[in-house]
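The values are calculated or read from the model by the stated rules, or taken from the named source; none is laboratory data. Bear in mind that the values here come from a model prediction, so they are computed numbers and not experimental data. Glycine gets a Cβ as well: all are built from the backbone with ideal geometry, and neighbour counts include every protein chain shown.
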Amino acid sequence: MQKFSITASICAAAALAAICAGSGFAQSESTAGSLTLVQAGRLLANPADGKIETNKTVVIRDGHVVEVRDGFVTEPGAKVIDLRNSFVLPGLIDSHVHLLHEQGPTSRMEAVTKTSADITLDGVVHARRTLEAGFTTVADCGGDNEAIFALRDAVKAGKVEGPRILASGNPLSAHGGHGQVYGFTPEVTEVIQSSTLCSGADECRRKTRQQIAAGADFIKFHATGGVLDGGTTGVDQQLTDEEMTAIISAAHSMGRMVKTHAHSAAGINAALRAGVDSVEHGTFLNDESIALFKQHNAWLVPTLVAGDFVAREAARPDSFMPAAVRAKALQVGPMMLSMGARAHKAGLRVAFGTDTGVSPHGQNAREFALMVKAGFSPIEAIRAATTSGAEHLRQPDIGSLVSGKQADLIAVGGDPTQDVTLLEHVAFVMKNGVVYKHP
């Protein structure tokens, strides 16, 4: 985490205000009692049942769905949105993103040249790009506390255009493991080192409580090593069983769900035994992992597009990745698709997540095609990003277009239940009854 000065805070706030005042991005505003009628040629209101209806009107008032009526309805004084030639479905949910960053050739240098104000403004750009891609809700799974919480709150207040954000802030990590800063002088490392490294159950418990006090919506920890940290400590278990149990019990006692980054089977299984709610990546899951997922009713967030991206980038002769990162990317990346296939065959509970920030923002929907390649049907992949995503993130007011839910909806041409890649070309986006993108 980078040091955050009062001056940087003021600069970030001023820049955000200037951006928001001049953006003109939202195409309509919700007003008290306002009525909006969305005429849908084809409608997938509830992906849980997979029923596609034709010639329907979604009735929206005060940012919520009131009902779905037969036919193309109009009413005096109502705003009518003509999507009669489109396929309408709920806004998409990405359960694993990193809005503040995007991997690239300058990533390592940016760790010491960008302030918290800089990365907050990067997050503004990435948030807008994510929303325009059709993702109306995201879980941000790790980033500078001040920056990501400020971005989350600015979006919620309507100051910044972006998806609804749930944020963990800085993830908890073992000293010397994934999350540790590598490759800089000791003086530089001391300044930019994460504040949430921990050793021992008591320290990990304390850091968990501190993250909740700082504003975390959920807790994220690194059970195992990772690909992009630049270290040579591999991808096996790094936090101990006792440390994981301390983190999870502390979070649960304060009403927070817990996600864990985990690649190796040992780390996955230890986290599941400790009671983690969600495993992110899950690359080397085994038979014991599958049994534990089912025993604990836990979720898997596969992030297949991240594995695909790092494997392809590592194989390039001119790759921007350091040698240590390339070696891990070539080990982990190619395994993730087969992991997704195994998880699907076993019937695990899967929520859509991409780890975007590893791959470029706005390309989140590429995950759908990889899920289908792994054996998911298009409607199963869509459910993972709608109704299942809402259940996973414990957000009962999103994920479908039924009475009382938030009016989050998108539209595409064609039928994404037949060709899921159509979701890479979203033409219309509404969040909370406000239109942010239209043809």
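Restricting to the range 180-210, count the residues that are closer than 24 Å to Ala323 by Cβ and part of a loop (DSSP other than H, G, I, E, B).
7
Conditions tested, residue by residue: (1) farther than 21 Å from Leu272 by Cα; (2) assigned by TED's automatic domain parsing to the domain that holds Thr136; (3) more than 20 Å from the chain's Cα centre (by Cα).
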site	(1), (2), (3)
Leu166	yes, yes, no
Leu172	no, yes, no
His175	yes, yes, yes
Gln180	yes, yes, yes
Pro186	yes, yes, yes
Thr189	yes, yes, yes
Ile192	yes, yes, yes
Ile212	yes, yes, no
Asp217	no, yes, no
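When you scan the range 76-179 for helices (runs of 4 or more DSSP H) that lie fully inside it, which ones turn up with 1 or more residues that are hydroxyl-bearing (Ser, Thr, Tyr)?
Ranges flagged: 107-113, 116-132.
Any residue at all in the range 3-12 that is in contact with a helix residue (DSSP H, G or I) (Cβ under 9 Å, 6 or more places away or on another chain), closer than 30 Å to Ser195 by Cβ and at pLDDT 95 or above?
Step one: filter the range 3-12 for residues in contact with a helix residue (DSSP H, G or I) (Cβ under 9 Å, 6 or more places away or on another chain), giving 3-5, 7-12.
So of that shortlist, the ones also closer than 30 Å to Ser195 by Cβ come out as 3-5, 7-12.
With the extra rule that they be at pLDDT 95 or above, the set shrinks to none.
Taking every residue of the range 3-12 in turn, none turns out to be in contact with a helix residue (DSSP H, G or I) (Cβ under 9 Å, 6 or more places away or on another chain), closer than 30 Å to Ser195 by Cβ and at pLDDT 95 or above.
Only one of Pro186, Pro163 is in contact (Cβ under 8 Å) with a residue 12 or more places away in the chain and not charged (D, E, K, R). Can you tell me which?
Result of the check over Pro186, Pro163: Pro163.
For the range 320-337, check the following and say yes or no: at least one residue is surrounded by 15 or more Cβ atoms within 10 Å (Cβ to Cβ), in a helix (DSSP H, G or I) and β-branched (Val, Ile, Thr).
yes
Residue-by-condition table, conditions (1) part of a helix (DSSP H, G or I); (2) small (Gly, Ala, Ser); (3) assigned by TED's automatic domain parsing to the domain that holds Gln363; (4) touching a residue at least 60 places away in the same chain (Cβ under 8 Å):
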residue: Ala266; (1), (2), (3), (4): yes, yes, yes, no
residue: Phe284; (1), (2), (3), (4): no, no, yes, no
residue: Ser289; (1), (2), (3), (4): yes, yes, yes, no
residue: Phe293; (1), (2), (3), (4): yes, no, yes, no
residue: Ala306; (1), (2), (3), (4): yes, yes, yes, no
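Give the residue that is surrounded by the fewest Cβ atoms within 10 Å (Cβ to Cβ), with candidates limited to residues of the range 339-387 that are in contact (Cβ under 8 Å) with a residue 60 or more places away in the chain and hydroxyl-bearing (Ser, Thr, Tyr).
Thr387
Do we find that Gly91 is surrounded by fewer than 22 Cβ atoms within 10 Å (Cβ to Cβ) and either in contact (Cβ under 8 Å) with a residue 24 or more places away in the chain or of a type in the set (Asp, Glu) (or both) in this structure?
On the way: surrounded by fewer than 22 Cβ atoms within 10 Å (Cβ to Cβ): no; either in contact (Cβ under 8 Å) with a residue 24 or more places away in the chain or of a type in the set (Asp, Glu) (or both): yes.
Criteria not met by Gly91.
Only residues that are in contact with a Gly (Cβ under 7 Å, 6 or more places away or on another chain) and on the phi < 0 side of the Ramachandran plot: list them for the range 168-202, please.
Ser168, Asn170, Pro171, Ser173, Gly177, His178, Gln180, Tyr182, Ser194, Leu197
If you check Val429 against the conditions, is it closer than 26 Å to Asp62 by Cβ, buried (at least 23 other Cβ atoms within 10 Å of the Cβ) and of a type outside the set (Lys, Arg)?
yes
Can you tell me which residues in the range 240-259 are under 26 Å from Arg394 (Cα atoms) and part of a loop (DSSP other than H, G, I, E, B)?
Selection gives Met254, Gly255, Arg256, Met257.
For the range 113-160, enumerate the residues that are aromatic (Phe, Trp, Tyr) and crowded, with 24+ Cβ neighbours inside 10 Å.
Phe135
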